[in-house]
Amino acid sequence: MQFRYVKSHVGCVVDSKGQDDRGRSIHVPCLLKNGNMNEALFRGVINADECDQHQRVKLVGFLEYSTDEGLTWIQFDTPCYLVGVRIWGEHYIVLYDGLPRAFPYQPKTSQRYENNVVYLPFNKP
């Protein structure tokens, strides 16, 4: 199984062991609850029944996957995240019945204040 991953408009194809065509591992981000992203080393795929006790994460940046070594590609809806797990500080994609599971998400945007004015809470006595 192969995955297409894109970061900053530069893409690469990684295999089920988490390595690109040169045999190097890549770093992929996961979504945190506050909307920030945390990057860690990507180590490939893992079956859903092998990772019940591990921390679930939302992996972003994956666009397509192929089950037949790159002959046909199946696209994910964008923007989406893949269900993954974090084991020993490394990320894995979780496979359910041999396929990854993707869910759509809306990226959080930071609040913009006009003219650097931030309203402070006012407590009435």
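A few comments on the model shown:
- Filter result for Tyr96 (modelled with pLDDT of 90 or more, of a type in the set (Ser, Thr, Tyr) and surrounded by 17 or more Cβ atoms within 10 Å (Cβ to Cβ)): no
- Screening segment 7-32 for residues that are over 13 Å from the mean Cα position of the chain (by Cα) and part of a strand (DSSP E or B) and picking the one that is farthest from Phe76 (Cα to Cα) gives Ser25.
- For segment 71-89, filtered to residues that are outside any loop (DSSP other than H, G, I, E, B) and β-branched (Val, Ile, Thr), the residue that is surrounded by the most Cβ atoms within 10 Å (Cβ to Cβ) is Val85.
- Condition check for Tyr105: of a type outside the set (S, T, N, Q) and modelled with pLDDT of 90 or more: no
- Lone qualifier among Gly70, Gly35, Gly61 - being more than 18 Å from the chain's Cα centre (by Cα), at pLDDT below 90 and among the small types (Gly, Ala, Ser): Gly70
- Scoring Val57 on the criteria (1) surrounded by fewer than 13 Cβ atoms within 10 Å (Cβ to Cβ); (2) closer than 19 Å to Gln106 by Cβ; (3) in contact with a Gly (Cβ under 6 Å, 6 or more places away or on another chain) leaves a single failure, condition (1).
The values are calculated or read from the model by the stated rules, or taken from the named source; none is laboratory data. These numbers were taken from a predicted model, which means no experiment stands behind them. All Cβ positions, glycine included, derive from the backbone under ideal geometry; neighbour counts span all protein chains shown.
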